[in-house]
Each structure stands twice: as C-alpha cells, then as structure tokens.
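All of the numbers you see were taken from the coordinates with simple rules; none came from a lab. Not measured: the values here are computed from a predicted model. Glycine also receives a Cβ, built like all others from the backbone with ideal geometry; neighbour counts cover every protein chain displayed.
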Amino acid sequence: MRITFKTAGIMAKYLPAGSRNNMADIDVASGASPIDVMAQLGIPTVGTYLVTHNGMSVPTAQRPGLSLDENDTLAIMPPLKGG
C-alpha cells in the first residue's frame with residue numbers, strides 16, 4: 001500500500017531518492033506500523049522523535065500497534081533543539 005512520509009532537518013537523509021520538499025510517497029506492507037516504516041527506511045527505532053499519523057501525535061507506546069492505511073500520512077520529525 002502507499003502512504004505519504006514526511007520528515008525534516010537531519011532526518012531528510014532517510015528519504016528515498018527522488019523525494020521532494022522533505023516528503024515522499026512510499027510503498028509499505030499492508031497494516032505496517034510507524035515502527036515498521038522506520039525500520040524500512042533505516043531510521044533508528046530507538047530515539048526521541050515526534051511521530052504524527054494524519055496530523056495527530058502518536059505516543060511512543062502506541063507506535064508499534066498502530067496500523068497504517070492506504071493514503072495515510074506519517075510524519076517523523078527529529079527532536080527540537082535550541083535554547
């Protein structure tokens with residue numbers, strides 16, 4: 001199935017070739033979770049990320065059990081830094 005994946009900053013290195021504007025339409029297994037997508041793209045699954053599913057924040061504990069659907073949008077953003 002196909003989803004839209006978005007990211008930013010240092011996480012852009014995990015986007016597939018041909019991605020534009022820090023986003024890409026990618027093929028994932030049916031019922032894939034955010035953790036599955038992270039593994040597929042080579043993103044370390046242990047870390048502090050903001051994960052959103054169709055614009056709604058996904059708490060860390062819910063990420064392995066959340067099943068994505070066709071045409072969903074998954075965003076994984078790096079932690080904010082600054083002072």
Taking the options Met1, Met77, Met11, name whichever one is surrounded by 12 or more Cβ atoms within 10 Å (Cβ to Cβ), over 12 Å from the mean Cα position of the chain (by Cα) and in contact (Cβ under 8 Å) with a residue 40 or more places away in the chain.
-> Met1
Residues within the stretch 14-42 that are touching a residue at least 12 places away in the same chain (Cβ under 8 Å) and farther than 15 Å from Leu68 by Cβ, tallied = 6
Checked the stretch 14-38 for anything farther than 16 Å from Thr52 by Cβ, surrounded by 13 or more Cβ atoms within 10 Å (Cβ to Cβ) and of a type in the set (S, T, N, Q); matches are Ser19
Over the stretch 33-49, the set of residues of a type in the set (A, V, I, L, M) and over 11 Å from the mean Cα position of the chain (by Cα) is Val46
Selection count, the stretch 53-74, where residues are free of Cβ contacts under 8 Å to residues at least 60 places away in the same chain and crowded, with 16+ Cβ neighbours inside 10 Å = 4
